[in-house]
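Contents: one structure, followed by commentary.
No value in this document is a laboratory result; all are computed from the given coordinates. Keep in mind the model is a prediction, meaning the values are calculated, not measured. FYI the Cβ positions are ideal-geometry reconstructions off the backbone, even for glycines, and counts take in every protein chain you see.
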Amino acid sequence: MTQTADIDPITLAVLAGRMEQIADEMDATLFRAAFNPIIAEAHDASHGLYHAVSGDTLVQGKSGLPIFVGVMSFAVKAVIDKAAEHGEIRDGDIYIFNDAHLGGTHLSDMRLVRPYFRDGQLFCYLASVGHWHDVGGAVPGNYNPAATDAFQEAFVLPPVRLARGGEVNTDIIDILMRNTRLPQSAMGDLNGQLGALDLGVRRMDELLDEYGADTVRAALDALGHRAEALMRAELTALPDGRWEALDYLDNDGITDVALPIKVALEIKGDRMVLDFAGTAPRCAGPVNIALPTAVATAYVAIKHIFPALPANAGVMRPIDVRIPEGSLLAAEFPAPVGGYTETILRMIDVIFAAAGQAAPDRVVANAYGTINALSIAGKRKNGQPWVMFSFYGGGHGGSPESDGLNHGNAPISTATIPPMEILEAAYPVMFRKWALRPDSAGAGAHRGGLGAIYEIEVLEENGAEAFLFGERGRFAPKGAAGGGEAALNVFSYEQADGWHHPPLASKMRGIKLTQGQAVRLETPGGGGYGQAADRDPKAVAHDVALGLISADEADKAYGDAWKGVQA
């Protein structure tokens with residue numbers, strides 16, 4: 001094999017850009033081809049290149065979800081292990097599966113893994129993952145807040161060959177299409193992912209035709225070493241020490257008991273330890289996550305704290321992630337994991353809080369901390385089922401440099417919130433309200449961003465059923481460096497006798513809605529950064545003038561220094 005030292009920096013930079021472009025183009029191909037809005041509009045998908053032996057992430061597209069950088073390496077490794085059981089892997093093989101305990105995240109994320117061969121030799125793997133709209137299970141859209149095992153969440157598919165030597169096994173497709181409420185959507189998404197993999201193969205052929213396999217292989221090796229060196233340099237620049245942080249999940253959707261998520265962050269020289277001892281044990285409900293998801297979440301948090309680092313597995317070589325056996329961060333099959341998003345958001349919050357004690361200039365305050373996975377489903381007059389699944393935004397935390405972003409998406413992703421117009425066109429619903437939520441941001445020298453208010457009315461005369469899987473209904477997003485907490489998450493649903501709230505605050509299933517009734521989400525803002533007393537009175541007056549903060553809230557949080565100030 002060509003050694004790392006044999007490749008010059010300019011060629012390395014060019015090849016890094018070319019390979020990122022391949023992954024980016026695979027992302028774009030799926031986004032354009034997918035049938036369901038969660039992929040096509042929200043971009044809940046990812047593509048990348050992975051090591052032929054270890055499955056480690058080599059390159060990931062910039063448009064895909066960051067959480068997939070880490071978990072997809074576990075997915076590829078699962079395929080490597082499965083292929084070893086079957087015998088020699090062939091050019092043209094494609095594996096497909098959604099088993100979250102092997103590949104991370106949850107059962108809605110369908111993974112396709114394809115070996116890439118050059119001159120008869122396995123060179124690397126290409127992989128595609130996308131959030132399918134519905135994969136069976138008890139709840140349309142698969143976010144079942146009352147699930148006590150994986151079988152209540154969705155159809156579970158282990159790694160199986162979808163194609164062998166280029167020939168597609170239609171039996172597998174038949175099984176998949178029979179286990180979804182929306183087979184047309186699923187088939188469109190599957191074809192989009194297959195098309196993205198085909199394009200990746202063509203682009204890799206072009207790249208290797210131009211530069212040669214040895215040069216590209218050397219570049220991939222060099223990128224891993226460079227990522228490791230950059231991470232070690234970043235750690236060396238920080239003080240040695242040990243810092244702890246603790247936060248909570250509202251409950252597991254089954255029992256109304258708070259669940260602690262705890263981390264101890266330790267830095268010694270050019271190494272870091274993230275130890276989650278003290279985190280709650282595996283729970284009955286679906287806020288458990290599998291070990292691959294927990295490790296990948298640590299990577300996402302690190303990537304936020306050190307934004308210059310590349311999307312490469314080498315970043316994690318100097319970092320020891322310790323997940324307690326038996327904890328809800330290392331759940332084994334068939335533990336339910338459908339609400340993984342809520343747990344990994346809390347993991348990121350505690351890592352930020354611990355890192356902020358070591359280097360407050362590198363972190364931001366807590367973002368809103370929940371995707372508020374809301375499904376509204378029913379049947380049209382012609383008997384056809386419909387499932388509107390989406391996630392919703394909130395405020396981001398204030399930073400050392402600025403106020404937090406208003407109405408952003410969760411920091412686990414670069415996905416976008418599907419536009420109201422797309423949702424209303426596709427489903428029998430009407431948004432009565434889609435607006436910023438005043439007084440939802442945490443106070444600070446740099447305040448948090450504002451959350452949002454969404455009110456969604458059912459138009460279908462047959463009515464509908466709603467399911468919510470959220471968080472931050474009991475424990476508000478925290479500030480940093482003395483900043484204040486943001487508002488809590490509030491969910492309401494309309495019935496004949498008025499508005500009601502879920503007994504478990506942030507989770508509920510089976511909410512019956514008749515035509516004309518609605519649900520309402522009031523999402524949290526972000527925590528504030530720095531002391532509220534240090535905020536510029538002009539900025540406070542400006543917020544009041546815009547209606548972002550009420551005069552009463554401004555008085556309470558910032559005193560009366562803003563009064564009479566020209567906004």
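Observations, loosely collected:
- One decimal place: the segment Ala84-Thr236 gains 50.7 nm when fully extended, by the rule 0.36 nm per residue minus the C-alpha distance.
- Net charge over other residues, Cβ less than 14 angstrom from the Cβ of Pro503 (K, R count +1; D, E count -1): 0
- Order of Phe151, Phe68, Phe306 under a 10 Å beta carbon neighbour criterion, fewest first: Phe151, Phe306, Phe68
- The range 12-119: mean projected area of Cα convex hull, nm²: 7.4
- Residues Asp275, Asp8, Asp149, Asp109, sorted so that the one with the fewest Cβ neighbours within 10 Å comes first: Asp8, Asp149, Asp275, Asp109
- Ranked by how many other beta carbons lie within 10 Å on average, peptides 555-561, 325-331 from highest: 325-331, 555-561
- With a threshold of 19 Å on the Cα-Cα distance, the over-threshold entries among Lys268/Lys478; Lys381/Lys433; Lys381/Lys507; Lys62/Lys303; Lys381/Lys512 are Lys268/Lys478; Lys381/Lys433; Lys381/Lys507.
- Close amide H partners of Arg322, meaning residues 5 or more places away or on another chain with modelled amide H under 5 Å apart, are Leu274, Asp275, Phe276.
- Charge dipole (debye, nearest 20) of the chain; +1 at Cβ of Lys and Arg, -1 at Cβ of Asp and Glu: 480
- Debye intensity ratio I(q)/I(0), log10, the range 4-229, q values 0.15 Å⁻¹ (C-alpha model): -0.94
- Of all complete DSSP H helices in the chain, those with a Cα span along the helix axis of 30 Å or greater and a mean Kyte-Doolittle hydropathy of 0.0 or more are 9-33, 213-236.
- Sequence-distant aspartates and glutamates (8 or more away, or on other chains) whose Cα lies within less than 12 Å of Lys77: Asp56
- Based on alpha-carbon atoms, the Kirkwood radius and the radius of gyration of the range 213-344 give Rg/Rh equal to 1.05.
- Peptides 110-116, 88-94 ordered by packing proxy, namely the average of other Cβ atoms within 10 Å per residue, highest first: 110-116, 88-94.
- By the beta-carbon count within 10 Å of each Cβ, the least crowded to most crowded order of Trp499, Trp132, Trp243, Trp562, fewest first, is Trp499, Trp243, Trp562, Trp132.
- Here the extension length gained between Met420 and Asp91 equals 114.1 nm, from 0.36 nm per residue of separation less the Cα-Cα distance.
- Cross-link reach list, aspartates and glutamates versus Lys556, counting only Cα pairs under 15 Å and skipping chain neighbours closer than eight places: Asp439, Glu485, Asp534, Asp543
- Distance between modelled label sites at Val273 and Val160, nm, 7 Å Cα→Cβ extension: 4.4
- Top positive-direction residue, dipole computed over the chain with Cβ charges, set Pro400, Gly192, Met347: Met347
- In the chain, taking the dipole from charged Cβ atoms about the Cα centre, the farthest positive-side position among Ala227, Tyr116, Ile67 is held by Ile67.
- Two-site label geometry, Thr170 and Asp555: point separation in nm, points 7 Å out along Cα→Cβ: 7.4
- Per the Kirkwood formula applied to alpha carbons, the range 364-535 shows a radius of gyration over Rh ratio, Rg over Rh, of 1.04.
- The range 98-133 versus the range 352-382: alpha-carbon centroid distance in Å: 25
- Residues whose amide H falls under 5 Å from that of Ala373, counting only those 5 or more places apart or on a different chain, are Phe469, with hydrogens built in the peptide plane.
- For the range 99-107, Karplus couplings with θ = phi - 60° (6.51, -1.76, 1.60), whole Hz, Gly/Pro x: 4, 5, 6, 9, x, x, 6, 9, 6
- Computed over the chain, the quotient of the alpha carbon radius of gyration and 2.2 N^0.38 Å is 0.97.
- Summarising the label geometry, the points placed 7 Å from Cα in the beta-carbon direction at Gln566 and Ala496 lie 6.0 nm from one another.
- Residue-by-residue Karplus 3J(HN,Hα) for the range 359-373, coefficients 6.51, -1.76, 1.60, Hz, glycine and proline x: 8, x, 6, 9, 10, 10, 5, 4, 7, 5, x, 7, 8, 6, 5
- Sequence-ordered 3J(HN,Hα) estimates for the range 427-436 from the Karplus curve with 6.51, -1.76 and 1.60 and θ = phi - 60° stand at 9, x, 9, 9, 7, 5, 8, 8, 8, 5 Hz, glycine and proline given as x.
- The stretch between Thr255 and Ser54 holds 68.4 nm of extra length on full extension. This uses 0.36 nm per residue minus the Cα-Cα distance.
- Label point 7 Å beyond Cα of Arg380 along Cβ direction - residues of the range 450-488 with amide nitrogen under 15 Å: 459-463
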